[in-house]
Amino acid sequence: MTEAIVVSIMIEAMRMTTLLAAPMLIGALVVGLLVSIFQAVTQIQEQTLALIPKMGAMLVVLAILFPWFLSQATSYMSSVFINIPRYIGG
């Protein structure tokens with residue numbers, strides 16, 4: 001296993017992690033921004049008011065996109081397992 005193969009595996013793993021985490025993080029960001037604007041307008045400074053809607057948004061995004069997440073993760077792991085002989089130099 002050469003350094004180039006290790007680097008390519010790590011780059012692909014980081015790309016997959018970013019691809020799978022981005023939708024939930026973007027959903028939490030949008031909901032957090034809306035809640036922050038609501039808190040600024042109403043001057044309500046309750047911490048749970050900011051946390052619970054973000055968690056709910058992340059769960060909704062996860063529930064909606066779970067089949068896509070699963071197919072992406074499955075195809076990534078399939079390519080990793082298929083390429084094991086190439087990785088070990090066989």
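A few remarks follow.
- Any pair with Cβ under 9 angstrom, 6 or more apart, that starts in segment 70-86 at a residue that is farther than 16 Å from residue 8 by Cα and ends at one that is in a helix (DSSP H, G or I) and among the aliphatic types (A, V, I, L, M): 72/16; 72/19; 72/20; 73/16; 73/20
- Members of segment 42-90 found to be of a type in the set (Gly, Ala, Ser), under 14 Å from the mean Cα position of the chain (by Cα) and surrounded by 11 or more Cβ atoms within 10 Å (Cβ to Cβ), listed by number: 57, 73
- Residues in segment 14-41 that are touching a residue at least 12 places away in the same chain (Cβ under 8 Å) and small (Gly, Ala, Ser) were compared, and the one that is farthest from residue 66 (Cα to Cα) is 36.
- Condition check for residue 15: assigned to a helix (DSSP H, G or I), surrounded by 10 or more Cβ atoms within 10 Å (Cβ to Cβ) and either of a type outside the set (D, E, K, R) or under 18 Å from the mean Cα position of the chain (by Cα) (or both): yes
- When restricted to residues that are at pLDDT 95 or above, touching a helix residue (DSSP H, G or I) at 6+ places or on another chain (Cβ under 8 Å) and either farther than 14 Å from residue 25 by Cα or not in a helix (DSSP H, G or I) (or both), segment 46-68 contains 0.
- Hey, residue 37 out of contact with any Asp or Glu (no Cβ under 6 Å at 6 or more places or on another chain), farther than 20 Å from residue 73 by Cα and outside any helix (DSSP H, G or I) or not: no
The values are calculated or read from the model by the stated rules, or taken from the named source; none is laboratory data. Since we're looking at a predicted model, the values are computed, not measured. Because the Cβ atoms are built from the backbone with ideal geometry, glycine has one as well, and the counts that use them run over all protein chains shown.
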